[in-house]
1. Please work out which one of (1) outside the structural domain of residue 49 (by TED's automatic domain parsing); (2) surrounded by fewer than 20 Cβ atoms within 10 Å (Cβ to Cβ); (3) over 19 Å from residue 197 (Cα atoms) is the condition residue 143 fails and give its number.
2. Suppose we filter 107, 45 for residues that are in contact with a strand residue (DSSP E or B) (Cβ under 9 Å, 6 or more places away or on another chain) and loosely packed, with under 14 Cβ neighbours inside 10 Å; which single one remains?
3. Can you pull out every residue in region 1-45 that is over 26 Å from residue 89 (Cβ atoms) and modelled with pLDDT of 90 or more?
4. If I ask for residues that are assigned to a helix (DSSP H, G or I) and more than 22 Å from residue 186 (Cβ to Cβ), which ones from region 102-127 would you list?
5. Which one of these is more than 29 Å from residue 183 (Cα to Cα) and either surrounded by 12 or more Cβ atoms within 10 Å (Cβ to Cβ) or in contact (Cβ under 8 Å) with a residue 24 or more places away in the chain (or both): 5, 80?
């Protein structure tokens, strides 16, 4: 229970960090702030200053979502912990994204594509680390007919998916920092999408056994 409290505390602290970060610079922001970047990292959309509060609102929804999921899906402590640590990974990404938006709004030169790629890759890698401990459910994880067929099929799929997403997240982070943020995003997102294909491949022997 102590680890669960710590993970919930980290999620709440990350939400509060977004609030404090936004509130501390709000009066320094211009009337219109950048809100969207193209794949080249160029600003191509602006909004009124108040739009910087959208991210804290999203963060609050994420706090409720992941804590709610942890208690709705399972009563097992390590499984709840896995879902909460997925929430931590997502919250870190949103805090980083808000920091980038605020920095750009204050007139700083921000390589949004590079840092978005790095942050997104770390998020997917962190989520992957938790995938192996998520129980079979209808709300979170890789939910396909073949993974939902049995607890064993779910376990096989998510243990493999965990390794793929962690590897993809690390590779995406390094590529984002060293070469290209867009390429890093493709690698990390691609690794997540590949888990769907891999789940079908990995559970094939199990499906054949069940049908025989």
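The values are calculated or read from the model by the stated rules, or taken from the named source; none is laboratory data. This is a predicted model, so every value here is computed, not measured. Because the Cβ atoms are built from the backbone with ideal geometry, glycine has one as well, and the counts that use them run over all protein chains shown.
1. (3)
2. On the way: 107 fails: in contact with a strand residue (DSSP E or B) (Cβ under 9 Å, 6 or more places away or on another chain).
Of 107, 45, the one residue that is in contact with a strand residue (DSSP E or B) (Cβ under 9 Å, 6 or more places away or on another chain) and loosely packed, with under 14 Cβ neighbours inside 10 Å is 45.
3. 26, 27, 28, 29, 30, 31, 32, 33
4. Correct list: 102, 103, 104, 105.
5. 80 is the lone residue from the list that is more than 29 Å from residue 183 (Cα to Cα) and either surrounded by 12 or more Cβ atoms within 10 Å (Cβ to Cβ) or in contact (Cβ under 8 Å) with a residue 24 or more places away in the chain (or both).
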